[in-house]
Every structure is written in C-alpha cells, then in structure tokens.
Amino acid sequence: MLRSCCFRCFGRRNGDGLLWHMDLKPHASGDFSIAVVQANSSLEDQSQVFTSPSATYVGVYDGHGGPEASRFVNRHLFPYLHKFSKEQGGLSPDVIKKAFNATEEDFTRLVKRSMPVKPQIASVGSCCLVGAISDGELYVANLGDSRAVLGRRGFDGEKSLVAERLSTDHNVSCENVRKEVEALHPDDSHIVVYCRGVWRIKGIIQVSRSIGDVYLKKPEFHRDPVFQQYGNFVPMKRPVLTAEPSIVTRKLIPQDLFLIFASDGLWEHLSDEAAVQIVSKYPRAGIAKRLVAAALQEAAKKREVRYKDIKKIERGIRRHFHDDITVVVIYLDHHKSSSKPNHKQGTAGCITPPVDIFSYNSDEAVENSGDKIFPNEESRSRVAY
C-alpha cells in the first residue's frame, strides 16, 4: 500500500530557520531535489515525491485559508492514485481524475463532519499540482496556480534551451480564465470583480479550481447558519469553483532535461525562463534551494530590504514579504530510464517535507503533528529558536 511506504525525511537546514531542503535523491530516471520555505504562521504548502523502480510521482499542494486542505491532500491523493492505477492496469488521465474526485469527496465529508466545531474549514482549500512519470510517459495534472515547467533543448529554429509550461494557471488574473468563468455564469454579472488590486471570483478568491473551498461549491454549506456566523453569505446560483483538473500527457524525449514543480510563491518572483536558466547553470545538488533563494532575493528587492534580513523575519510576519514556497526539481536522465534500475534506485519510498518547518526542532515529533488535520497550535507556540 502506497500510504505505508511514505516517510518523513529530514533535510538540511542552515541560515534560515524557516527553510527545509533536500539536496539530491535518486529516482527511476534521474535525480530530484526539494526545498520548502515557510512564511505563514502554519505552513500551507505541502508536498511529496514518491519513487519506485517503475514510476515517479510529484505532488505540490498550495493551501489557502489554512493548512487543513493541503495536509489532507498530502495524505490521501497518492494512495488513491495507487489504488485506481492498480485497478485499471496503469496510470491514465481517467485514473488521475478519479483520484482527484475521490480526494475532493473525502475532504467534503470531513468538512461536513467538522462544521459544528470548526465552521471555517468550509472556506479552506488547496491548489493541487501532480506530476507522474511512468513507462516514459509524463502526466501533469493541476488545479489552481501552482505550475510545472519543462526545461528542454530547443528544436530547429528555437533557442538552445527552452522553458515550456506544462500546466494551466487557473487564476482569474489570466484573461482567458476570466472569460472561462464568465462563460459558465452568463447570468451573474458579478462573478468576477476587480478588488484589492487583483481580479477575484465573487471578490473572494483568485483561483477557479481547487480541492476544498466547499462553501463556494456547495450551496448547503454557505447557507448553513453555523458557517454564516463565521463568514459572509455569498449569493450564487451554482458552484463558482470546480475540482476538475487540467491534465497534460507527453511522451518524454531525449531533449527533455528537467522538470520544475512549484507553488505560486516561486512564480510570483521568477519567470519560467529565469527558473529554467538557473537550473541549467548550477550543479544539481541543492538546486531546489537555489531556486527558493533566487525568489527570496527578488522578494527582498521588491520590498527594498536585504535578503539576509528577510531570513531573520519570523513566520506570520514574513508572509508580508513572500508566500510559502515549495520547489521540486526532477532531472530526466534518459539513459537511466532505459536501463535496469540499480539497487539504490530500486527502493520505493515517499519523501515528505515536515508538515510545518517551524516545528522541525519541536519537542513534539513532526510525524505526530502531521497526522492531525487540526494541529495543536498552542503546543507549537512554545517552540523558539
């Protein structure tokens, strides 16, 4: 069972108490690197990489409104992918859609059970980006505005190195996404409004697809008297968000060099092209951390502060300077994928960063807190560096 092989692997931390990273680990067709930096009081980004002799799975889940949805997805989506792919004889777009839908349904049931004690969970959601490599085929599925970018050699007439975006940003800051949402709601002239400097659906949320955000999908939740004591009533005739993923499939070719999977905290500060150039120019070991550092440097410039000063700012307050950032870089070594995996690569495992970077040195084991949908914030508040 896929769930049972997941474990937490503690990477190195230095210089920044809210940064976790893993320099380099092998997968079936290359190496991968992960880095996470926390900005929110509770880390709302969650991520994982599953490796086996025949497949590699990547998940990046960017929560909003709280960490509950992203943590839930982190524990449930991969087991569903494993279950349905086994039942249907392999991975496919249909398997991926079924796994996303089952995770959404399970989280909705959790929200329903939790409403009496925690009504705000109805407004918690998560973007969801998944990449899978199996039998030389790449699958990329996403909800929201986390992003997957491929770095590849150029074809005839192209630059020597090309940044190719493989995912769709479901964010109404994009004109085509606004038009898509407006077309689905022709009788609602206020479905997308410009407020607080950005476009938002119902003046509330920028992404049009997610796991969770149940009150924007199920009328019975936003009409619930318990929820209305917590949040404002949102007039809507039909769901304004969806959990239907965009899915891209691609046969990997020798020109494909590496993949970058990252939450929008990275892409807010780095373009696709800038990120690809960084990965191509620097050594593999620690490359995900290098991308995070580049984004933080850009964030510091925008706020006219020094990068080293940002690293000293505590969680919560730090969110005013940058978002939680998660980066996974997957190198594609085609000579490895065509040969038999060695003993080191033949071991299946699932690497998951700490559920909360701030808790990394806590007296409480991170594994224990990671199993809780509602973490004990009071117990973590005693931790200091």
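Throughout, read-outs are computed from the coordinates displayed, never taken from laboratory work. Just so we're clear, the structure is a prediction, and the values are computed from it rather than from any experiment. Note that we place each Cβ from the backbone using ideal geometry, even for glycine, and neighbour counts take in every protein chain shown.
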Within region 164-191, whose backbone N sits under 15 Å from a point 7 Å along Cα→Cβ of residue 237? 182-191
A correct fewest-to-most ranking of 127, 195, 350, 174 by other Cβ atoms within 10 Å would be 195, 174, 350, 127
Only loop residues by DSSP count here, and only those with at most 14 other Cβ atoms within 10 Å; note down the chymotrypsin sites (Phe, Trp or Tyr not before Pro) in region 45-117 that meet that. none
Rg from C-alpha atoms of region 85-221, normalised by the globular rule of thumb 2.2 N^0.38 Å, equals 1.28
Springs between alpha-carbon atoms under 10 Å, Gaussian network over the chain: tell me which of 269, 320, 222 tops the mean-square fluctuations. 320
Between the DSSP loop rule and a limit of at most 12 other Cβ atoms within 10 Å, which chymotrypsin sites (Phe, Trp or Tyr not before Pro) in region 132-218 are left? 155
Residue-averaged [θ]222 nm for the chain, counting only DSSP H segments that reach four residues, each worth -39500 (n - 2.57): -8000 deg cm²/dmol
Which value in nm describes the separation of the simple spin-label points at residue 187 and residue 274, placed 7 Å from the Cα toward the beta carbon? 4.5
Global form of region 147-231, assessed from the alpha-carbon gyration tensor, a/c cut-off 1.5: prolate
In Å, the Kirkwood estimate of hydrodynamic radius for region 225-271 over Cα pairs equals 16.1
Tell me which residues come under 5 Å, amide H to amide H, from residue 257 once H is placed; ignore anything under 5 positions away on its chain. 151, 152, 153
Sort 281, 97 by Cβ crowding within 10 Å, fewest neighbours at the top. 281, 97
Quick one: grab the alpha carbon gyration tensor of region 128-167, order the square roots of its eigenvalues as a ≥ b ≥ c, and give me rounded if a/c is under 1.5, else prolate or oblate depending on whether a/b is larger than b/c. oblate
Over all pairs of distinct alpha carbons, what does the Kirkwood formula give as the hydrodynamic radius of region 229-328, in Å? 16.6
For an R0 of 51 angstrom, estimate the FRET efficiency from the Cβ-Cβ distance between residue 158 and residue 226 and round to the nearest 0.05. 0.35
Could you list 292, 60, 279 so that the one with the fewest beta carbons within 10 Å of its beta carbon is first and the one with the most is last? 279, 292, 60
How charged is the neighbourhood of residue 97? Take every other residue with its Cβ under 13 Å from the Cβ of residue 97, and add Lys/Arg as +1 and Asp/Glu as -1. -2
For residue 333 and residue 137, extending 7 Å from Cα along the Cα-Cβ vector and measuring point to point gives, in nm, a value of 2.6
Per the Kirkwood formula over distinct C-alpha pairs, the hydrodynamic radius of the chain in angstrom is 21.3
